[in-house]
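No value in this document is a laboratory result; all are computed from the given coordinates. It should be emphasised that the depicted structure is a prediction, and the values quoted were computed from it without experimental measurement. As a convention, Cβ positions derive from the backbone with ideal geometry for all residues, glycine included, and neighbour counts pool all protein chains shown.
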Amino acid sequence: MAYKLQINKENTPPIQSVTPLAAHRLMLRFATGSEVLLNMGNHLETLRYSPLADEDVFRSVTTNGNTLFFGVREIPPVLKPNFPEYATIAAVKIPVLEVMRLAVGFPVWGEE
């Protein structure tokens, strides 16, 4: 079965909200009105997602609508003038297409 991510013509980000739940699950709400319950607990043993085993990092999840961010923190002020594009550091970043792969059970990097 093929899955296709639909991008709307108004360029509204696909992820509208993300809520951390118990047992390393995330509730994602999309611009289409769909909701996905994503179980990240199955991926905590992988190198890529191992930082999410820390409950504080997991519960810190935020989104810009296109990517999930966990453990976001500011970089030291002394580095900002030289690296403005790296204003924040995240322990884990998950782009929306990878979110969809996780949601439907396709392998992701490092799990093939």
72, 99, 61, 104 arranged by Cβ crowding within 10 Å, fewest neighbours leading: 104, 72, 61, 99
message: Give me a comma-separated list of calculated 3J(HN,Hα) values for the stretch 52-65, in order, Karplus coefficients 6.51, -1.76, 1.60 applied at θ = phi - 60°, integers in Hz, x for any Gly or Pro.
response: 6, 5, 6, 4, 5, 5, 4, 6, 7, 4, 9, 9, 9, x
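Are there GluC sites (Glu not before Pro) in the stretch 13-79 that DSSP marks as loop and that have at most 11 other Cβ atoms within 10 Å, and which are they? Could you put the intermediate results ahead of the total?
Working: sites: 35, 45, 55, 74; in loops: 45.
Here the GluC sites (Glu not before Pro) that fit, given the DSSP loop and packing criteria, are 45.
Could you please rank 40, 27, placing first whichever residue has the fewest other Cβ atoms within 10 Å of its Cβ?
The most exposed by this proxy come first: 27, 40.
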